[in-house]
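First up is the structure itself, then whatever we jot down about it.
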Amino acid sequence: MTELITVSEQASVMGRLRDLADLSREATELDWVRERKEQQERERQKAVNAAGWYVRNHFPSTLAVVLTATSWQGYPRLDGTETGALTSVPPAAVAHLGEGVWIHHTRRRFGGGTAMLLIPCVCGNYREAAVDDDYALARELDYLADTRDVCLGTCTPSRPAADGEGW
């Protein structure tokens, strides 16, 4: 004779509660992922808008003439958990100027921003040159033309060395 196996009322409630809790947690985690993506997109767009504003106001005769809103690529803030650093990296925007040269704009925390030219070096790395107006840009471009074939030793490694040193 077979007996009916019954599950106690208490066990079925806990089983159902676990299932519901799992579904709730999954839904919450999906919301967090969606919110993070939306936040990153807002940061990218703000970085692009800030770079465009900075260029229009600081480089009206040069970069503002050749760069459009679609020239820029925005990047969201990176916090310490993503970079392994103690501080976060603010949102930024970059635009390719040609010949391996990039302009990088980062907003300052309390308005304004900074613009850096990222210039390729013959050693395979890049050097950075701060520019804040049309005159400084012209000066750096002249300097770039004069030193195109020389490593000045002021480069930033473009990739880590094999042993992990040199970043």
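Values for this structure:
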quantity: Estimated inter-spin distance, Lys37 and Asp22, nm [label 7 Å along Cα→Cβ]; calculated: 2.4 nm
quantity: Packing rank of 141-150, 64-73, where each peptide gets the mean count of other beta carbons within 10 Å, highest leading; calculated: 64-73, 141-150
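Each value in this text was obtained by applying a stated rule to the coordinates, not by laboratory testing. Keep in mind it's a predicted model, so treat the numbers as computed, not measured. So basically every Cβ, Gly included, is an ideal-geometry build from the backbone, and we count neighbours across all protein chains shown.
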